[in-house]
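The values are calculated or read from the model by the stated rules, or taken from the named source; none is laboratory data. On a predicted model such as this, the values are computed, not experimentally measured, just so you know. Neighbour counts run over all protein chains shown; Cβ positions are idealised from the backbone, glycine included. For accessibility, only protein heavy atoms count, side chains too; no ligands or nucleic acids. Shrake-Rupley method; radii C 1.70, N 1.55, O 1.52, S 1.80 Å.
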Amino acid sequence: MKNYYKINEISKLYGIGKDSLRYYERIGILNPKRDINGYRMYGFSDISRLNVINELKNLGFEIRRIKELLSERSVKSTMNMLDMEIKEIDRKILELEVLKEKLNLRRLNIEKEHSESSFGEIREMDFPERRCIQLSDRIMRDEEVDFMIKRLQEKHNKNLYILGNSMIGATVDFEFIPGKQYLDEDFKNSIEFSMYDSVFCIVDDENYDFIIPEGRYISVKYKGNYNQTNYYIMKAVNHALERKLKITSKPLEIYHIDIHETEIIDEFITEIQIQICD
């Protein structure tokens, strides 16, 4: 057995790049000797240190923490360092458990919406108060809505998950005028609900800046292209007028399944909600 090994031998043995070995030397966690030609020669003490370095890296230790441990190595310092890492791993496990719960919920949401059968059916539903984070701006549909959602994430510095999140929507930029005859055919044919004035995400924590009020809402879900929004909003409005109900909110457009879950447009599921009262 040799007493010393060259850098290319160590690099191959440990699967570590030569640049990394030179970096370890530069920051002082390795100190190989040099032969008469100036080549690095790694002895048994270097190999022992590399074993420790590799083990700690596999455990998730950062180089800075590895350097601290190697500079004051003792049984006590090693145990303290391992205790700290165990606590960090416990924290990450808790975060992953929370994330797993959210992913399971989003999967259930997708499964529930995908098995929906009452598309196009007008329903009157009671909803509780819903707390939201919101970003206001006048935008068009599709790509601009996605861009606004990204801005909403940045504004609130949140992990706002999009995949399978059925709590994301937009407010349609249209105010209903009490007493106006919305059943007029010319009006129905001319109006286009293609502008939005905000995007929102319903949240379950105390950090919110907008509330969707509790109350009764007309709800209708449709499947497919967003160009059906105009038709279903007017269908909901007509339902309200026929039943002599007062419309008290802008239409909400909620995205249950969209481009984030599928590229098949016929699989898109969108819900229109409009608040009403007697």
Seminar exercise, completed: So the compactness index of region 1-81, its C-alpha Rg divided by 2.2 N^0.38 Å, takes the value 1.12
Seminar exercise, completed: Looking only at lysines whose Cα falls under 30 Å of Lys6's and that sit 8 or more positions away or on another chain, we get Lys18, Lys33, Lys57, Lys67
Problem set entry | Part-to-part distance (alpha-carbon centres) for region 199-264 and region 1-68, which is given in Å | 61 Å
Exercise. Where Rh is the Kirkwood radius over the Cα pairs of region 37-92, the temperature 37 °C and the viscosity 0.692 mPa s, what D in µm²/s does Stokes-Einstein return?
Worked result: 263 µm²/s
Exercise. If r is the Cβ-Cβ distance from Leu70 to Asn230 and R0 is 51 Å, what FRET efficiency results, to the nearest 0.05?
Worked result: 0.15
Problem set entry | Whole-percent carbon and sulfur share, accessible surface of the chain, 1.4 Å | 51 percent
Seminar exercise, completed: Among (1) 63, 19, 16; (2) 35, 21, 17; (3) 38, 20, 16, the value of semi-axes √(5λ) of the Cα gyration tensor in Å computed for this structure carries the label (1)
For this session: Order the peptides 49-58, 202-211 from the highest to the lowest mean number of other Cβ atoms within 10 Å of their residues.
Result: 49-58, 202-211
For this session: Subtract the Cα-Cα distance of Glu129 and Tyr4 from 0.36 nm times their separation in residues, and report this length gain in nm to one decimal.
Result: 37.8 nm
Exercise. Stretch Glu25-Lys112 to full length: gain in nm at 0.36 nm per residue minus the Cα-Cα span?
Worked result: 25.6 nm
For this session: Would you mind classifying region 199-278 by shape? Square roots of the alpha carbon gyration tensor eigenvalues, ordered a ≥ b ≥ c; an a/c under 1.5 is rounded, otherwise it is prolate if a/b is larger than b/c and oblate if not.
Result: oblate
Exercise. Say R0 is 45 Å: what FRET efficiency, to the nearest 0.05, do Asp278 and Ile86 get from their beta-carbon distance?
Worked result: 0.15
For this session: Quick one: of Lys221/Lys244; Lys112/Lys150; Lys102/Lys150; Lys12/Lys76; Lys87/Lys150, which pairs are farther than 30 Å apart, Cα to Cα?
Result: Lys12/Lys76; Lys87/Lys150
Exercise. Under a point-charge model restricted to the Cβ atoms of Lys and Arg (+1) and Asp and Glu (-1), what is the dipole moment magnitude of the chain relative to its Cα centre, in debye to the nearest 20?
Worked result: 2080 debye
Seminar exercise, completed: Counting only protein heavy atoms and rolling a 1.4 Å probe, one gets per residue an accessible area for the chain in Å² of 61 Å²
